[in-house]
1. So in the range 2-216, what percent of DSSP beta bridges are antiparallel if you round to the nearest 5?
2. Treat each spin label as a single point 7 Å out from the Cα along the C-beta direction, and report the residue 163 to residue 32 distance in nm.
3. Taking the Cα atoms of the range 2-216, what is the range of coordinates along each of the three principal axes, in descending order and whole Å?
4. Say R0 is 35 Å: what FRET efficiency, to the nearest 0.05, do residue 172 and residue 51 get from their beta-carbon distance?
5. Which of the peptides 89-101, 123-135 is most tightly packed, and how do the rest follow, judged by the mean count of other Cβ atoms within 10 Å per residue?
6. Could you list 201, 47, 106 so that the one with the fewest beta carbons within 10 Å of its beta carbon is first and the one with the most is last?
């Protein structure tokens, strides 16, 4: 697992800046995010698996791609005191692709991200308001994480040394994001079901095109 703290970030392809007052300017001046969003869209159009997406991100350390979700999807705009994790291990059995610990006026939030297939796929079963196997596979992993946290949250907080910084997390402060497929595959039925699911849980499902949009708005 790799951990990036705000005061350790000095690469140009990083979002967080240790200096809050220069954060907005940093985002605007260091990287052409609109161009990066187009580059990611091109990579997305030429990717067959989530591993292709991961290779694209890791090749040039484009961590702003997974990090982009925290602003528009989770309302975290404060650059200070945030942590970004690549491949966060949860015990010996589970691993999140990425995780972000950030905070805003409502407190801390831990966001765990799972990337699944970027291909255009059927999301719902025919004549059933149930997700297809591709979506269920991603949701199964996330629900495993959720169960793990319900049994091991105190151990997690201690192992991450959050207690030393007076950081505590309740179940309602742990969020899960599944990124899968393309926007055109989310028809009205799929949108209604995912919105209803999100009302009843902390699990959000978005398309990779949502990530493209998020990058452009950085």
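1. On the way: 18 of 28 bridges.
The antiparallel proportion sits near 65 percent.
2. Taking the simple label geometry, residue 163 and residue 32 are separated by 5.0 nm.
3. Each principal axis gives a Cα extent; for the range 2-216 these are 51, 43, 31 Å.
4. 0.60
5. 89-101, 123-135
6. Fewest to most other Cβ atoms nearby, the residues stand as 106, 201, 47.
Just so you know, all these numbers are worked out from the coordinates, no wet-lab data involved. In this text, all values refer to a predicted model and were calculated from it rather than measured experimentally. So basically every Cβ, Gly included, is an ideal-geometry build from the backbone, and we count neighbours across all protein chains shown.
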